[in-house]
Amino acid sequence: MFPVKWCENKQVSAGHSDAVSRVFPAGVSRLVRDFHQQIPGYQISPLKNLSHLAAMLGLGGIWVKDESVRLGLNAFKILGGSYAIYQVVKSMLGLEQQELSFEQLTSSEVRTRLGDLTFAAATDGNHGRGVAWAANAMNLRSVIYVHKFTSKARIDAIASLGADVRVVDGTYDDAVRQADIDSRQNGWQVISDTSWEGYEDVPRWVMQGYATMCSEAQEQLAGQGIVRPTHVFTQAGVGAMAASVIGFYRQLFGADDPVAAVVEPDKAACLYHSAQIGDGQPHSFPGDLDTIMAGLACGDPSPLAWGILRDCADVFLSCPDYVAARGMRVYGAPLKGDPSVVSGESGAVALGSLMFIMERPELKELRERLRLNRESQVLLINSEGNTDPDHYRQVVWDGADPVPGEYMGCK
Ligand SMILES: Cc1ncc(COP(=O)(O)O)c(C=O)c1O
């Protein structure tokens, strides 16, 4: 299987996007950051400079926002779940227009006012862990739905935060539906990272929550004399993270925003598939979504995220598992002088795809269309660390999912 299939976005429009304005009204990323900064243990996640790799590939810079250390939870997802829960609680208490500090949010007074509240979420692992963490911090109950292929390590990590973890016999998308059905029956509050008709407020808050990554990255890049990245490569499951990153930059820079690539596993490429159909609508990807990129194993795009990606993403990429596996190994064993990064399956595919695009002669046209060259400053998000430690070692130590012989050793 060829390392990178690509589909140019025919619907992309420069400048204003209503879909972006709906998720990112002016000033929202500042409010989000103000909230996250109050969480005990909050620190700006590192922005790592892979300058030697960039030079080797013929790029000006590769900057990696390393979310593997975010609040000790090994992934970026807590940013979205915590902010959504904060907004849900504010609206339940009728405090939409008022300040509510993190200390108040987690106080026994708020706990008493909320009564017998339970949060529910479906997850590939990381989002559920974030929701369980936030519920736990508030001394509230959470029920987290995982699909049948979820590894024991991921389930244990969620359960260790006090959540009731339920395994659904199906895919991530089935887990989303089950969480919704059970929540209606039991009066639970669903905190979903994906949207559906009539359910958009919470996923919008989740996407806003992710903006903290980009607002931090902008400060960190400015410290290096870089006003904006020229390119962003973001991996996608339902598309909420990609839409948040790409929407953030569209809102900030308008038509002068970075060239944006959305990267998916070929076994779960719902956004790529939607772009290929090209009717402007999100479309489901068939199959059992059997990929090592557990966090990206989603068959149904989030319509809310799709609106932003349809307006702002330049290209959609679809990659086999070995592209992610190679990215994990490169991050873990960097060139001399570059920092190492612990990157899990879903974290590493964007780097893997970028490397093949720069190396493979067959991808020259894509490279040129994306204007990837020695002037380019590429921003990547390492969205998770070794969230499944056993599988991480199988890939990085034991060489699972090797690059096929015909695509090895390009440079
Ligand atoms: C590590 C990691 N990266 C990326 C994503 C993709 O996020 P989204 O589903 O918003 O596209 C996920 C989703 O769970 C994830 O866990």
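The values are calculated or read from the model by the stated rules, or taken from the named source; none is laboratory data. Source: prediction; values computed, not measured. In this analysis, Cβ positions are derived from the backbone assuming ideal geometry, glycine residues included, and neighbour counts consider all displayed protein chains.
Points worth noting:
- Listed by position, the helices (runs of 4 or more DSSP H) enclosed by segment 285-392 that each have at least 1 residues that are basic (Lys, Arg) are 303-312, 321-332, 364-369.
- Hey, ASP156 over 25 Å from the mean Cα position of the chain (by Cα) and either surrounded by fewer than 14 Cβ atoms within 10 Å (Cβ to Cβ) or aromatic (Phe, Trp, Tyr) (or both) or not: no
- Residue within segment 347-358 that is in the same structural domain as VAL12 (by TED's automatic domain parsing) and without any contact (Cβ under 8 Å) to a residue 12 or more places away in the chain present: no
- Residue that is away from the ligand (no atom under 14 Å from the Cβ), of a type in the set (D, E, K, R), modelled with pLDDT of 95 or more and within 18 Å of the chain's Cα centre (by Cα), where the choices are ASP256, ASP193, ASP266: ASP266
- Pairs with Cβ under 6 Å, 6+ apart, first in segment 24-43 and within 14 Å of ALA84 (Cα to Cα), second in a loop (DSSP other than H, G, I, E, B): HIS36/TYR42
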